[in-house]
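Here is the structure we will look at.
The values are calculated or read from the model by the stated rules, or taken from the named source; none is laboratory data. All values reported here derive from a predicted model rather than from experimental measurement. Glycine also receives a Cβ, built like all others from the backbone with ideal geometry; neighbour counts cover every protein chain displayed. Just the protein is used for accessible areas: all its heavy atoms, side chains included, with ligands, DNA and RNA removed. Shrake-Rupley method; radii C 1.70, N 1.55, O 1.52, S 1.80 Å.
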Amino acid sequence: MKEFTQIFISIAVLSVLITSCGQESKQKNDKLETEGTEKIKVYLLGTFHFAQTDSTYNVLDTKHQKSIEDLCEIIANQKPDKIFVERQPEYEFQNKIDSLYNIYIKMSRPLKARNEIYQVGFRAAKKLGHKKVFQCDHPGQYGRFNRATIDYATKNNQTDILEAKRLGTVMRYDDTVDEDSIMNSVTLLEYIQWINSPEVMTTSHASYLTNYPQIGSNDYYNYDDDFTLIGAELTADWYNRNIMIYSKMINQVEYENDKSILLLMGADHIPIIKSFFDANPYFKVEQTSEWLK
């Protein structure tokens, strides 16, 4: 009986010690996550590529320029300390973006380049008095994997997955409407607000995770089959590109000084990059549909 009592006491003491250590560890982790400065605000703005529209939609038209000016005013009101754009820094061997931006901030005439990096990124940065814009894009192989995925689906009775008609797939919201009609019936700012709506963003992200990974051969034991999980390869490459973009961003952040940052990027990138920042305790993503109103 005495032996049993001693064992019981030992177990009780051990339990208290384990609980105490666990609480202390949690307190240290909580302190680590919030120690130093406030969380850095992250503004994520999904956009379409201005230069890739057809001749009937020219962002240099007066009405679109007014809308872009309104958009840049909204961005400036958020006061981001850094603006990141969809350009690969590795390709800028002579700081081309820096040189172009320095020329732009001294210009008095309207900018004629149709790219959203210049029309929105440069313009908003100038409003904020920034000395430079920051590059964070990364190369990927989406085109190669996308062609292989579509080709396999077409030849192997899997087009219903691509078209999101099979159970277990998700139809993108922007595929359920006439997007060209929306684009041409509202202002450019309103169109970008629509692009960044939860319905568009959520279904865009879901389609990468539900549809593509179902395309390809299921012969997992055949090492000679190059098309096993070809669709999953596409999604993996897409995630790889976006984690690299995220990495380039957080490695250019000044944690001691920056209060907020903004990313201007093709809309499909945004939900994935948002998930990365959501998981990082040093950042707080601001809901785009709210601040972009």
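Length gain on complete extension for the stretch Tyr255 to Asn77, per 0.36 nm per residue less the alpha carbon to alpha carbon distance? Mind showing how you got there, number by number?
Numbers: separation 178, 0.36 × 178 = 64.08 nm, distance 2.12 nm.
Roughly 62.0 nm would be gained on extension.
Give me the number: length gained by fully extending Glu163 to Asn58, i.e. 0.36 nm times residue separation minus the C-alpha to C-alpha distance, one decimal in nm.
Values: separation 105, 0.36 × 105 = 37.80 nm, distance 3.02 nm.
Result: 34.8 nm gained on full extension.
Out of Thr56, Thr202, Thr47, any idea which swings most in a Gaussian network model of the chain, alpha carbons joined below 10 Å?
Thr56
Post the alpha-carbon centroid distance, region 56-128 to region 137-198, in whole angstrom.
27
Across region 123-139, in residue order, what do the Karplus-derived ³J(HN,Hα) couplings come to in whole Hz, using 6.51 cos²θ - 1.76 cosθ + 1.60 with θ = phi - 60° and x for Gly and Pro?
5, 5, 4, 5, 4, 7, x, 6, 7, 7, 10, 10, 9, 8, 5, 9, x
Could you sort 212-218, 72-78 so that the peptide with the highest average Cβ count within 10 Å comes first and the rest follow in order? If you can, show how the numbers build up before the last one.
Values: 212-218: 18.9, 72-78: 17.0.
The peptides rank, most packed first, as 212-218, 72-78.
Quick one: go through region 195-234 and flag any residue whose amide nitrogen is under 20 Å from the point 7 Å out along the Cα-to-Cβ line of Ser185.
195-201, by backbone N distance to the label point.
Quick one: if the Förster radius is 22 Å, what FRET efficiency do Tyr239 and Lys39 give, using the C-beta to C-beta distance and rounding to 0.05? Kindly include the intermediate steps, with their values, before the conclusion.
Working: r = 24 Å, r/R0 = 1.10.
Computed FRET efficiency for Tyr239 and Lys39 comes out at 0.35.
Rounded to the nearest whole Å², what accessible area per residue is found for the chain with the 1.4 Å probe?
Working: 16800 Å² over 293 residues.
Accessible area per residue, the chain: 57 Å².
Could you look at the chain and say what percent of its accessible area is carbon and sulfur, using a 1.4 Å probe and all protein chains? Show your work: numbers first, answer last.
Working: 8960 of 16800 Å².
That share works out to 53 percent.
Within the set Lys106/Lys284; Lys112/Lys259; Lys63/Lys165; Lys165/Lys248; Lys96/Lys274; Lys96/Lys259, which residue pairs have Cα atoms separated by over 30 Å? Mind dumping the intermediate values first?
Numbers: Lys106/Lys284 34 Å; Lys112/Lys259 32 Å; Lys63/Lys165 39 Å; Lys165/Lys248 37 Å; Lys96/Lys274 28 Å; Lys96/Lys259 27 Å.
Too far apart for the 30 Å limit: Lys106/Lys284; Lys112/Lys259; Lys63/Lys165; Lys165/Lys248.
How big is region 116-244 along each principal axis, measuring the range of its Cα positions in Å and listing the largest first?
Extents along the principal axes, in whole Å: 58, 34, 20.
Counting each DSSP H run of 4 or more residues in the chain as -39500 (n - 2.57), what helix-only mean residue ellipticity at 222 nm follows after dividing by all residues, to the nearest 500 deg cm²/dmol? Walk me through the numbers on the way to the answer.
Values: 12 runs with 144 residues, N = 293.
Dividing the helical sum by the residues of the chain leaves -15500 deg cm²/dmol.
Assuming R0 = 45 Å, can you tell me the calculated FRET efficiency for the pair Ser99 and Thr228, based on Cβ-Cβ distance, to the nearest 0.05? Before the final figure, lay out each step's value.
Working: r = 47 Å, r/R0 = 1.03.
E(calc), rounded to 0.05, equals 0.45.
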